[in-house]
1. Hey, among E105, E131, E155, which residue is closer than 17 Å to L209 by Cβ and either modelled with pLDDT under 85 or surrounded by fewer than 18 Cβ atoms within 10 Å (Cβ to Cβ) (or both)?
2. Hey, can you tell me all the residues within region 1-20 that are surrounded by fewer than 18 Cβ atoms within 10 Å (Cβ to Cβ) and either assigned to a helix (DSSP H, G or I) or touching a helix residue (DSSP H, G or I) at 6+ places or on another chain (Cβ under 6 Å) (or both)?
3. Given the conditions (1) touching a strand residue (DSSP E or B) at 6+ places or on another chain (Cβ under 8 Å); (2) touching a residue at least 60 places away in the same chain (Cβ under 8 Å); (3) open to solvent by 20 Å² or more (accessible area, probe 1.4 Å); (4) under 22 Å from L172 (Cβ atoms), report the number of the one that M52 does not fulfil.
4. Looking only at region 169-194, which residues are surrounded by 15 or more Cβ atoms within 10 Å (Cβ to Cβ) and farther than 23 Å from L144 by Cα?
5. Considering each residue of region 65-81, count those that are assigned to a helix (DSSP H, G or I) and more than 9 Å from the chain's Cα centre (by Cα), and give that number.
6. Of the residues that make up region 36-48, is at least one surrounded by fewer than 14 Cβ atoms within 10 Å (Cβ to Cβ), hydrophobic (A, V, I, L, M, F, W, C) and either within 16 Å of the chain's Cα centre (by Cα) or modelled with pLDDT of 90 or more (or both)?
7. Which numbered condition trips up H146, out of (1) modelled with pLDDT under 85; (2) open to solvent by less than 30 Å² (accessible area, probe 1.4 Å)?
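The values are calculated or read from the model by the stated rules, or taken from the named source; none is laboratory data. Just so we're clear, the structure is a prediction, and the values are computed from it rather than from any experiment. Positions of Cβ are generated from backbone atoms using ideal geometry, with glycine treated the same way; all protein chains shown enter the neighbour counts. Each accessible area value is taken on the protein alone, full model and side chains, heavy atoms only, with ligands, DNA and RNA left out. Shrake-Rupley method; radii C 1.70, N 1.55, O 1.52, S 1.80 Å.
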Amino acid sequence: MIRIVIADDHTIMREGLKRILDGADDIEVVGEAVDGFEALAHVRKGGFDLLMLDLSMPGRSGVELIRQIKDEVPKLPILILTMHEEEQYAVRAIRAGARGYLTKESAGTQLVSAIRKVASGRPYISLEVAEQLAMDVMPSNEDLPHKQLSNREFEVFTLLVSGKSITEIADLLHLSAKTVSTHKTRILTKMNMNSLAEMVQYAVQHRLLGPLKN
């Protein structure tokens, strides 16, 4: 029996996932979390085999949360289930320690097989993500500016280009507004840009404007 914990802040999504898994005799949902703090509490308590994790939740989330979980419980398999289809999100999640990456649009047909594969110790990623991971380890003279951002800077970048204000981002990530402003300045410098409008244009051009939750 594969015991899993579902971490997603949307009740409807969690209920939908549980309905999908009802037909799998070898999978049991033993816990739920609505934010990063609850997810960490489950991880520290233990008693399950796989964590199904949404990338965008209140509190600690995304790559930073994956890294913390892997630091505390290195052997716990993590399957990311997210709205983000862009390969760059998947690459960062896999590098941080996630073993699988599945979009919510694909969950209806692929969720059970993804859980079984990740729980068995094998990765579950798309061909596009595998290709991106391979390309990232090859020498290149054309590294895109957003790849130079740290994981936290990339998280702030995605929130900025999605229309969030400095104050909103500070609340979402539990940071001070001053810290978020500092991140914004560093992002502009690293990407050689002068304004938020340039960042948005870049995000659209490179398909980084993923659907973020409110």
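1. Details: E131 fails: closer than 17 Å to L209 by Cβ; E155 fails: either modelled with pLDDT under 85 or surrounded by fewer than 18 Cβ atoms within 10 Å (Cβ to Cβ) (or both).
Selected residue: E105, the only one of E105, E131, E155 that is closer than 17 Å to L209 by Cβ and either modelled with pLDDT under 85 or surrounded by fewer than 18 Cβ atoms within 10 Å (Cβ to Cβ) (or both).
2. Passing the criteria: T11, I12, M13, E15, G16, K18, R19, I20.
3. (3)
4. The answer is I169, A170, L172, L173, L175, T179.
5. Within region 65-81, the subset assigned to a helix (DSSP H, G or I) is 65-72.
With the extra rule that they be more than 9 Å from the chain's Cα centre (by Cα), the set shrinks to 67-72.
Residues in region 65-81 being assigned to a helix (DSSP H, G or I) and more than 9 Å from the chain's Cα centre (by Cα): 6 in total.
6. yes
7. Among (1) modelled with pLDDT under 85; (2) open to solvent by less than 30 Å² (accessible area, probe 1.4 Å), H146 violates only (1).
Conditions (1) in contact with a helix residue (DSSP H, G or I) (Cβ under 7 Å, 6 or more places away or on another chain); (2) basic (K, R); (3) in the same structural domain as A24 (by the TED database), marked per residue:
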| site | (1), (2), (3) |
| --- | --- |
| H84 | no, no, yes |
| R95 | no, yes, yes |
| R116 | no, yes, yes |
| Y124 | yes, no, yes |
